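Just below is one structure, and these are the notes that go with it.
The values are calculated or read from the model by the stated rules, or taken from the named source; none is laboratory data. Just so it is clear, the structure is predicted and the values come from calculations on it, not from any experiment. Quick reminder, even Gly has a Cβ in these numbers, built from the backbone with ideal geometry, and neighbours come from all protein chains shown. In case anyone asks, the SASA skips ligands and DNA or RNA and just uses the protein heavy atoms, side chains included. Shrake-Rupley method; radii C 1.70, N 1.55, O 1.52, S 1.80 Å.
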Amino acid sequence: MGKENSQNEGVVLVEKAKNDPDAFSELYDLYFPKIFRYVSWRVSNKSDAEDLVSDIFTKALNKIDSFKWQKGATFSSWIFRIAYNTIVDFYRTKHRRDYINIDDLPEIPTDSLLPDEDLDRRQLFKKLYQMIQELPERQAEIIIMRFFTGMKNKEIANVLDISEKSVASFLCRGLRTLHDKFCKQ
């Protein structure tokens, strides 16, 4: 019942935003954290991430009338498809993948840590980020979507226009590679 209410609420918000651009702010508030987290993992610095997230939401607002509810297509998968395409375009024009500075890594909320624990956590986070960036692009993309945005395999399949079985396969291979790399260190 909770999932159905959530979907109904999504339908109401999208339909409201189609008729009133000011109502889009509710969708923005709902999806901003996930989109920002996803983009932060895919690009090299905070400034680029902020610019891209702005572009993504501008595109979504401008194209909201073209969104149609179809079987398996949710607003979440639609906006993440826009995000994915925006990042692909970003790299196509930039022609490179930079590594992120440890100070630009997205913050993960935690209970209060001692300074040395915080530094250890940030260094581990940087190591994980670098390992993910070294994966084949599709594996990295799927791991980021799955674990850093909370998307389900079905949603990822819709965003990337591949089968759920392929998503599971890429995810499994990517996690195995990360596990092997991490254990060797």
Which value in nm describes the separation of the simple spin-label points at ASP65 and CYS172, placed 7 Å from the Cα toward the beta carbon? 4.6 nm
If the chain between LYS46 and VAL88 were fully extended at 0.36 nm per residue, the gain over the current Cα-Cα distance would be 13.4 nm
Distance check, please: which entries in LYS34/LYS63; LYS46/LYS165; LYS16/LYS94; LYS59/LYS127; LYS63/LYS154 exceed 30 angstrom between their Cα atoms? LYS46/LYS165; LYS16/LYS94; LYS59/LYS127
Computed over the stretch 6-57, protein heavy atoms only, probe 1.4 angstrom, the accessible area per residue in square angstrom equals 50 Å²
State, to one decimal in nm, how far the label point of ARG122 lies from the label point of ASP29, with both points 7 Å from Cα in the Cβ direction. 3.2 nm
